[in-house]
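K.L.:
Structure in structure tokens, see below.
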Amino acid sequence: MSAASAASRTVADIVAAATRLWPLEGAEPWDAIGLLAGDPDAVVGHVHLAVDAVPDTADEAVELGAGMLLVHHPLLLRGVTTVAEDRFKGVVVSRLIRGGCALYAAHTNADVVETGTSAVLAARLGLLDASPIVAATGAAAGGIGRVGRLAAPTTLGRLARAVADLLPPTASGIRVAGDYDAPVETVALCGGAGDSYLEEPAVLAADVYLTSDLRHHPASAFRENAKLSGGPALIDVSHWASEWLWLDTAAEELRAALPGVTVTVSELRTDPWDFAIVQ
């Protein structure tokens, strides 16, 4: 492809490619995905990827000269009645519009595909024979979460250490519920918030469940029940970190789908926590 034809790519072209990679039908009904801001006819030569649309990633995209910021988490997921610049969502939208940068979100529709967030995490952990915790159908063929077995059995503590080495560092680190020396071979996981899948049969049959945003009461009840009747240990990681790994795969897929378009990945940490005090 010539430089001239690459320069003719538009926001609509990027949206079409993203829709093929992450079909909209795969999204949960409550999700707010797709093109969130920008002119479909605007020319795009550079797409910048991030987990979150925040002022820092918006500024980074504009400074890089990107014509689109493609994020995992939708900026406008919950009701918004103003985009005034005394609120962060208004700041993001305004800076992107002024900088000529569109905003696109691929969220739960990017979770369920065969190369989605959980699939990438499972692959990076080296899980074998990985399959969804909850299978999807149709255009979203794949499913939510993954469960598979490690190439070699290990212990819960060693697995937690391996997860810490794999993910980008965050203040919250890695939290674990279970015996450090407990044997582990089967791993269930879900990138992002996954406590709604705690009672899924594939999770209950695993040796450990790795996910993010585990709340006190569900986690406590789960572990107490596991002590009584058996069940997996828990590994709780940063929501942002668990999904950040997916960006490299998404970037590779976009480059293949859009020859000549520059695709970059943000390394800015948008995890909300800055530091932790260990007691």
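K.L.:
Looking at Ala105, Ala66 in this structure, which one is closer than 25 Å to Asp13 by Cα, more than 13 Å from the chain's Cα centre (by Cα) and not assigned by TED's automatic domain parsing to the domain that holds Val208?
P.N.:
Ala66
K.L.:
Could you tell me which of the residues Leu150, Leu156 is more than 26 Å from Asn109 (Cα to Cα) and crowded, with 22+ Cβ neighbours inside 10 Å?
P.N.:
None of the other options fit; the residue is Leu156.
K.L.:
If Lys227 meets every condition in (1) in the same structural domain as Gly126 (by TED's automatic domain parsing); (2) modelled with pLDDT of 95 or more apart from one, which number is that one?
P.N.:
Status for Lys227: all satisfied but (2).
K.L.:
Does region 253-264 hold any residues that are of a type outside the set (A, V, I, L, M, F, W, C) and farther than 15 Å from Val113 by Cα, and which are they?
P.N.:
Answer for region 253-264, where residues must be of a type outside the set (A, V, I, L, M, F, W, C) and farther than 15 Å from Val113 by Cα: Arg255, Pro259, Gly260, Thr262, Thr264.
K.L.:
Ok, one more. Could you check Ala110 against (1) out of contact with any Phe, Trp or Tyr (no Cβ under 6 Å at 6 or more places or on another chain); (2) crowded, with 18+ Cβ neighbours inside 10 Å and say which number it fails?
P.N.:
The number of the failed condition is (1).
Residue by residue, here is whether (1) within 13 Å of the chain's Cα centre (by Cα); (2) surrounded by fewer than 18 Cβ atoms within 10 Å (Cβ to Cβ) holds:
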| site | (1), (2) |
| --- | --- |
| Pro218 | no, yes |
| Leu234 | no, no |
| Val237 | yes, no |
| Trp240 | yes, no |
| Trp244 | yes, no |
| Glu252 | no, yes |
| Ala257 | no, yes |
| Thr264 | no, yes |
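K.L.:
Among Ala123, Ala139, Ala110, which is the only one that is at pLDDT below 95 and assigned to a helix (DSSP H, G or I)?
P.N.:
None of the others qualify; the one that does is Ala139.
K.L.:
Of the residues that sit in region 66-107 and are assigned to a strand (DSSP E or B) and touching a His at 6+ places or on another chain (Cβ under 9 Å), which one is nearest to Leu36 (Cα to Cα)?
P.N.:
Looking at residues that are assigned to a strand (DSSP E or B) and touching a His at 6+ places or on another chain (Cβ under 9 Å), I get Ala105.
The values are calculated or read from the model by the stated rules, or taken from the named source; none is laboratory data. Since the structure is predicted, the reported quantities are computational estimates derived from the model, not experimental observations. Glycine also receives a Cβ, built like all others from the backbone with ideal geometry; neighbour counts cover every protein chain displayed.
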